[in-house]
Amino acid sequence: YTLTDNLAILQLLYKVREVGYAVDDEENELGVKCFGVALQPDNKPARYALSVSTFKHRLTDAHTNEIITAIKETKLRIEAALPH
């Protein structure tokens, strides 16, 4: 499921910036879905990231929303603790 089309990749990057997180939907490992965020204290270039992976067959819409909320909240807490 890896994206190989440059336009599709650029469109995905714009979406990631818009929603604030990225999704790996079986692109790296079949049956696994991953959600990730870049850690950017003071809006500097990202040097760190945080991700959560889970088995896709166990994932419901409710679980997806919980994971996304949790990684976004954790991102803010970690960024606040990083040196500025």
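The values are calculated or read from the model by the stated rules, or taken from the named source; none is laboratory data. In this text, all values refer to a predicted model and were calculated from it rather than measured experimentally. In this analysis, Cβ positions are derived from the backbone assuming ideal geometry, glycine residues included, and neighbour counts consider all displayed protein chains. For the accessible areas, the whole protein counts, side chains as well, though only heavy atoms, and no ligand, DNA or RNA atoms are used. Shrake-Rupley method; radii C 1.70, N 1.55, O 1.52, S 1.80 Å.
Taking the Cα centre as origin and putting +1 on Lys and Arg beta-carbons and -1 on Asp and Glu beta-carbons, what dipole magnitude results for the chain, to the nearest 20 debye?
Working: 10 positive and 12 negative charges, 57 e Å.
In total the dipole reaches around 280 debye.
If we count every other residue with Cβ under 15 angstrom of Ile71's Cβ, Lys/Arg +1 and Asp/Glu -1, where does the sum land?
Numbers: positive: Lys33, Lys72, Lys75, Arg77; negative: Asp24, Glu66, Glu73, Glu79.
Around Ile71, the surrounding residues sum to 0.
Quote the accessible area belonging to Val19 in square angstrom, nearest 10, computed with a 1.4 Å probe and with ligands, DNA and RNA left uncounted.
Rounded to the nearest 10, that gives 50 Å².
When Lys and Arg each count +1 and Asp and Glu each count -1, what net charge do the other residues less than 14 Å away from Pro41, Cβ to Cβ, add up to?
+2
Given contacts defined as C-alpha pairs under 8 Å and at least six residues apart, what's the relative contact order of the chain, whole-number percent? Before the final figure, lay out each step's value.
Numbers: 90 pairs, mean separation 20.4, N = 84.
Rounded, it is 24 percent for the chain.
Roughly how many Å² is the accessible area per residue of the chain, as a whole number, for a 1.4 Å probe?
On the way: 6390 Å² over 84 residues.
Normalised by residue count, the accessible surface of the chain is 76 Å².
How high is the FRET efficiency between Ala81 and Lys56 when r is their beta carbon distance and R₀ equals 22 Å, given to the nearest 0.05?
Numbers: r = 31 Å, r/R0 = 1.43.
That pair, Ala81 with Lys56, gives E of 0.10.
So who's got an amide H within less than 5 Å of the one on Leu39, skipping anything under 5 residues away but keeping other chains? H placed 1.01 Å off N, in plane.
Arg47, Tyr48, Ala49, Leu50
Pop a pseudo-label 7 angstrom from the Cα along the beta-carbon direction at both Leu39 and Leu12 and give the gap in nm to one decimal.
2.4 nm
Report, in cubic angstrom per residue, the convex hull volume of the C-alpha atoms of the range 12-56. It would help to have the intermediate numbers written out before the result.
Numbers: hull volume 3.5 nm³, N = 45.
Residue-normalised Cα hull volume stands at 77 Å³.
Using a Cα-Cα cut-off of under 20 Å, which aspartates and glutamates could be cross-linked to Lys44, ignoring same-chain neighbours fewer than 8 residues away?
In chain and number order, the partners are Glu18, Glu73, Glu79.
Is it possible to state the helix-based mean residue ellipticity at 222 nm for the chain, with each DSSP H run of 4+ residues giving -39500 (n - 2.57), the sum divided by total residues, to the nearest 500 deg cm²/dmol? What is it?
Values: 2 runs with 35 residues, N = 84.
Dividing the helical sum by the residues of the chain leaves -14000 deg cm²/dmol.
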